[in-house]
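The values are calculated or read from the model by the stated rules, or taken from the named source; none is laboratory data. None of the values given here were measured: they were computed from a predicted structure. Ideal geometry is used to build each Cβ from the backbone, glycine not excepted, and the neighbour counts take in all protein chains shown. The area values use the complete protein model at the heavy-atom level, side chains included, leaving out ligands, DNA and RNA. Shrake-Rupley method; radii C 1.70, N 1.55, O 1.52, S 1.80 Å.
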Amino acid sequence: MRIFSLIFALAAMLAAPLAAQVSFPGVRLPGVGEVIQPLRETVDRTAEAARREADDLVRARLRMIDRLVSRNRNIIELDARGEPARRGEMLVMDAGPELEKRLARSGFALISRERVEGLDFYVARLRTPDGMTLAEAEVELRGFLPQAEISADHLHFQSGTTESPALAIASAAGSTHGKSAPVGMIDGAPGAVVPVAETRGFAKGAPYPSNHGSAVASLLASAGANEIRVADVYGTDKAGGNALAMVKGLGWLIARGSKVVTISLVGPRNVVLERAIAAAQRKGVVVVASVGNDGPAAPPAFPASYDGVVAVTAVDGKRRALIEAGRALHLDYAAPGADIRGLNAKGKRFRLRGTSFATPLVAARVAHALGAGRNWRGALDREAEDLGRKGPDDVYGRGLVCGSCRGR
């Protein structure tokens, strides 16, 4: 009978309103408020800390841009949206055959007009009149080229860091063996110790070995990509990573046979680069890009946010989302981006952190699926481990890919 009485008492406690309390002799149960309030305070403190961290990341991004512009005023300036771009240059598409005649009366000068290899479209590069800002130039050009696509030549930034030398060397666990579709990479050039099929420069001083490019290439190789080509869009140029260099690099990679292109760079929306990526996709090329490391309060990252681009975020060794991970207008997958290792330009093994380094791991998975003649989306979805709330979400996307990958 005592058992039945206890069961009845427990059932009554569960069925009672939350505000009610059930007492047993000599036992005081805490009120709901006593339990909920400390929990609520903990949640509030955590949320406030996350907000502060997000705000700090945004401020850090703005400080970085301010420093870059102030130190390189001769080659970099801000456009109307406050985004850094090459000073005194505008990009124009769809201007029509009479562009040069119209320019002759405008004060703008045609620097070049060229067909982009592999993408089959033309881009005109214009010099703005002396004393005219990029913001003013955009307004002026739209006035007498109303049908054209017009943009500044925006800069894009690498989204990851190489940290201290690794104390222990992790294996390439999680890599997939077998035939891989050719992979292209838009970044800095890798060092000589990272074997790639081909490298070509699209910036002043390029190709020039970089730590970031070396790390990304080494991660591609460690994840099993076996035909890697690199378009170096940085070289030694302080205004490297610009949209036109990326467009040319993308076209070259496609012309050389790349079926997957990985881009661990972030910048603002740029109509010329957007057009180039759409042209690549029409040719069946899969573009994979990082969401950046400017935090969730930063503007959406591009090219990750362009339609059809595979947007990648990162987790650490405990499968926690990186607090600095940026955001995109959509999110596809997560992959390891901390507690992993790669090679720098001199061949030393370094610890890596950032969404930059998750991106090549996803790209390698896509390349293996294509190389095996499989549907890449289905293959990645089958592998992806659901993290966070059930189903696709805005923190982990469709799930964690290459979860056991740890680099070289």
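Data overview
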| item | result |
| --- | --- |
| Cα-derived Rg over Rh, computed across region 222-314 with Rh taken as Kirkwood radius | 0.95 |
| Amide H contacts under 5 Å for Phe121, placed H, 5+ residues apart | Val116 |
| Given charges at beta-carbon only (K, R positive; D, E negative), |dipole| of region 322-408 in Debye | 520 debye |
| Whole-Hz couplings from phi, Karplus 6.51/-1.76/1.60, listed for region 275-283; x for Gly and Pro | 5, 5, 5, 4, 5, 4, 5, 5, 8 |
| Region 267-340 - Kirkwood radius from inverse mean 1/r over Cα pairs (Å) | 12.7 Å |
| Percent accessible area from carbon and sulfur atoms, region 215-345, protein chains only, probe 1.4 Å | 47 percent |
| ³J(HN,Hα), Karplus 6.51/-1.76/1.60, whole Hz, each residue of region 179-195, x for Gly, Pro | 5, 10, 5, x, 10, x, 9, 9, 5, x, 6, x, x, 5, 6, 9, x |
| Sorted largest first, extent of region 86-165 alpha carbons per principal axis (Å) | 57, 34, 19 |
| Kirkwood Rh, Cα atoms: Rg over Rh of region 296-408 | 0.96 |
| Computed lengthening from Arg113 to Asp130, 0.36 nm per intervening residue step minus Cα-Cα distance | 4.1 nm |
| Amide hydrogen neighbours beyond the local backbone of Arg353, cut-off 5 Å, H modeled | Thr161, Glu163 |
| In region 87-141, the GluC sites (Glu not before Pro) that fall in loop regions by DSSP, at most 16 other Cβ within 10 Å | Glu98, Glu117 |
| Amide H partners (placed H, <5 Å) of Gly205, local residues excluded | Thr236 |
| ³J(HN,Hα) computed for each position of region 245-256 - Karplus, 6.51 cos²θ - 1.76 cosθ + 1.60, integer Hz, glycine/proline x | 4, 5, 4, 5, x, 4, x, 4, 4, 5, 4, 8 |
| At q = 0.22, 0.24, 0.31 Å⁻¹, base-10 log of I(q)/I(0) for region 185-234 (Debye sum, equal scatterers on each alpha carbon) | -0.64, -0.75, -1.21 |
